[in-house]
Amino acid sequence: MAEVTNQVKKEVVETIYNFFAEECEVPRSTLNENTNIMEDIEGDSLMFMELLEIFKKKYQLNIDIKSIGKYVLRHPTDTIGKVIDLTLLIIEKENKIAEM
Amino acid sequence: MKENKIIGCGIDIENIKRFERILGNQDYESFMRDVFTEREIRINSAFRAKERFTLGFCAKEALFKSFGISWVNSPITWKDVELIFTADKMLNQNRVILHGFALKYFLKEKIKQILFESIIEENYARFSVILVR
């Protein structure tokens, strides 16, 4: 678990935008928080898993896929903005997100 | 006499280069453990690992699609579906093994057979599934 400081927020936002721009081969400038990852830029679940690994490593997170699944079941995460929110929540709460 | 009925189908295609990158990066160790069983990791690592792991991932995704569910909207997990290669140094002899929620779903839906095809073509792996009741 880590404290979500302004610096962490900035790193997360930058990492996510750069990741999707590179992986989906779209200009960074065309992405915004409302960009739908699957419908607009043809993202997929493997990308989500890769992104998760980046943050697990960077912030030494203890988070299970099952916990994320339980959270996403109640809080659909389809846009870049929602992925950013979810990532910040994972950094702050780790597996406790399953209870939210 | 009841006729066989197709009740679902799913297909997934992945670029093998993506798994080449993952396999070459120690940062992805926990990803591999989250997605693949110990048995899959052992067998897939023994021969043409990038192709085997890519096909294995495609198999899981294709099965999820054929069931109409995924790990984000059901209790199914990546490890509930295994693609096991049954011959050394071959890619085209494999079988699908279900566990956990995937197996429960299979039994609940009274699925009789899972027909599948796995193909490696240039840089891509493709796995397609048809569920028969």
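The values are calculated or read from the model by the stated rules, or taken from the named source; none is laboratory data. It should be emphasised that the depicted structure is a prediction, and the values quoted were computed from it without experimental measurement. For neighbour counting, all protein chains shown are included, and Cβ atoms are generated from backbone atoms with ideal geometry for every residue, glycine included.
Overview of values
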| item | result |
| --- | --- |
| Members of the range B:93-125 found to be touching a Phe, Trp or Tyr at 6+ places or on another chain (Cβ under 9 Å), among the polar types (S, T, N, Q) and assigned to a loop (DSSP other than H, G, I, E, B), listed by number | B:93 |
| Residue match in the range A:38-55 (condition: more than 14 Å from every other protein chain (Cβ to nearest Cβ), over 27 Å from residue B:54 (Cα atoms) and among the β-branched types (Val, Ile, Thr)) | no |
| Filter result for the condition that a residue is surrounded by fewer than 18 Cβ atoms within 10 Å (Cβ to Cβ), more than 9 Å from every other protein chain (Cβ to nearest Cβ) and over 29 Å from residue B:11 (Cβ atoms), over A:58, A:82 | A:58 |
| Matching residues, the range B:2-17, being of a type in the set (D, E, K, R) and surrounded by 20 or more Cβ atoms within 10 Å (Cβ to Cβ) | B:12, B:14 |
| Cross-chain or 6+ apart pairs with Cβ under 7 Å, the range A:8-26 first and crowded, with 17+ Cβ neighbours inside 10 Å, then part of a helix (DSSP H, G or I) and among the polar types (S, T, N, Q) | A:12/A:87; A:16/A:87 |
| Test result for residue A:66, within 10 Å of chain B (Cβ to nearest Cβ) and either on the phi < 0 side of the Ramachandran plot or at pLDDT 90 or above (or both) | yes |
| Per-region count, the range B:20-52, residues in contact (Cβ under 8 Å) with a residue 40 or more places away in the chain and either more than 15 Å from residue A:46 (Cβ to Cβ) or within 9 Å of another protein chain (Cβ to nearest Cβ) (or both) | 11 |
| From A:8, A:4, residue being away from chain B (no Cβ under 14 Å), in contact with an Asp or Glu (Cβ under 6 Å, 6 or more places away or on another chain) and either within 25 Å of residue B:75 (Cα to Cα) or not charged (D, E, K, R) (or both) | A:4 |
| Residue match in the range B:60-72 (condition: over 18 Å from residue A:49 (Cβ atoms), in contact with a Cys (Cβ under 7 Å, 6 or more places away or on another chain) and crowded, with 17+ Cβ neighbours inside 10 Å) | yes |
| Flag for residue A:49 being closer than 20 Å to residue A:88 by Cβ and without any contact (Cβ under 8 Å) to a residue 24 or more places away in the chain | yes |
| Residues of the range A:1-10 classified as of a type in the set (Val, Ile, Thr) and in a loop (DSSP other than H, G, I, E, B), total | 2 |
| Which listed residue is within 11 Å of residue B:10 (Cα to Cα), part of a strand (DSSP E or B) and either modelled with pLDDT of 95 or more or of a type in the set (Phe, Trp, Tyr) (or both), from B:66, B:128 | B:128 |
| Residues located in the range B:1-40, provided they are part of a helix (DSSP H, G or I) and of a type in the set (S, T, N, Q) | B:26, B:30 |
| Scope the range B:53-95; condition touching a helix residue (DSSP H, G or I) at 6+ places or on another chain (Cβ under 8 Å), touching a residue at least 40 places away in the same chain (Cβ under 8 Å) and away from chain A (no Cβ under 11 Å); matching residues | B:63, B:67, B:82, B:83, B:84, B:85, B:91 |
| Scope the range A:11-29; condition of a type outside the set (Phe, Trp, Tyr), more than 14 Å from every other protein chain (Cβ to nearest Cβ) and closer than 14 Å to residue A:79 by Cβ; matching residues | A:13, A:16 |
